[in-house]
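**Student:** My structure is below; once you've seen it, I'll send some questions.
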């Protein structure tokens, strides 16, 4: 069974641009959640989608948004990029709220 | 609000020895889950082990076991027979069972295995 796939692996953008990250969950997993990892703030929850609906949202500005498609694939968008958005963005999928979350390899975003 | 505390920023262990990574948590929820993940330098987060708050037995997965002490709110990870490939960051995380799949992570412990 294929794992969680995140694309691209690396991205370099400049301030003010926008970026879209993609996540394909494990087959059969309907929950997809996103996390931001930085050296200063550690791992922080961004949002979770389940059956195309946002179920939870972390404490991030509105520049961070996401969506989920009918095949459970999810995208995350960050608009008007800031230097502080440089981070590893991790996506995780799960079958339910009582089963483990499995993470992808992450997308490393660098904003210059 | 939930909080996870990992008090050991870094640890050394000799190859083939056992090591315990500490994790304490704080929550007012009655139903929750505790996780441990391994993150090598490549960045991927690898799921190691899960413990539900109502599970009476400590979880075990191969060389990994979770020492769950509910009254003390601790969920320590024990790795037996350490291997060089165990060198990585280890994160303890928590999920409330009534809050979807939102994980709260600790700050992590960097484990270094010495040959």
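**Student:** Between region A:1-59 and region B:1-35, what's the alpha-carbon centroid distance in Å?
**Tutor:** About 24 Å separates the Cα centre of region A:1-59 from the one of region B:1-35.
**Student:** How many nm separate the modelled label positions at residue A:60 and residue B:71, each set 7 Å beyond the Cα in the direction of the Cβ?
**Tutor:** 4.1 nm
**Student:** Gain in length, residue A:79 to residue A:110, computed as 0.36 nm per residue apart minus the alpha-carbon separation, to one decimal in nm?
**Tutor:** On the way: separation 31, 0.36 × 31 = 11.16 nm, distance 1.39 nm.
My answer for the length gained is 9.8 nm.
**Student:** I'd like the mean, over residues of B:42-51, of how many other protein chain beta carbons sit within 10 Å of each residue's own Cβ.
**Tutor:** Details: counts 2, 10, 9, 14, 2, 5, 1, 1, 4, 0.
Shielding by partners across B:42-51 averages 5.
**Student:** Still on this model: Taking the Cβ-Cβ separation of residue B:18 and residue A:9 as r and a Förster radius of 30 Å, what is the calculated FRET efficiency to the nearest 0.05?
**Tutor:** Details: r = 35 Å, r/R0 = 1.16.
Efficiency, rounded to the nearest 0.05: 0.30.
**Student:** Considering Cα pairs under 8 angstrom that are at least six residues apart, work out the relative contact order of region A:20-109 and quote it in whole percent. Don't jump to the answer; show the numbers that get you there.
**Tutor:** Numbers: 191 pairs, mean separation 29.6, N = 90.
Computed value for region A:20-109: 33 percent relative contact order.
**Student:** Among the DSSP beta bridges whose two residues both lie in the protein assembly as shown, what percent are antiparallel, rounded to the nearest 5?
**Tutor:** Working: 72 of 81 bridges.
Within the protein assembly as shown, antiparallel bridges account for around 90 percent of the total.
**Student:** Within 10 Å of each Cβ in peptide B:71-77, how many partner chain Cβ atoms are there on average? Round it to a whole number, please.
**Tutor:** Values: counts 0, 0, 0, 0, 0, 0, 0.
For peptide B:71-77, the averaged partner shielding equals 0.
**Student:** Output the peptides B:91-99, A:79-87 sorted from most to least packed, where packing is the average of other Cβ atoms within 10 Å over each peptide's residues.
**Tutor:** Details: B:91-99: 21.2, A:79-87: 15.1.
Packing proxy ranking, top to bottom: B:91-99, A:79-87.
Bear in mind these aren't lab numbers, they're just calculated from the coordinates by the rules spelled out. Since this is a predicted model, take the numbers as computed values, not measurements. As a convention, Cβ positions derive from the backbone with ideal geometry for all residues, glycine included, and neighbour counts pool all protein chains shown.
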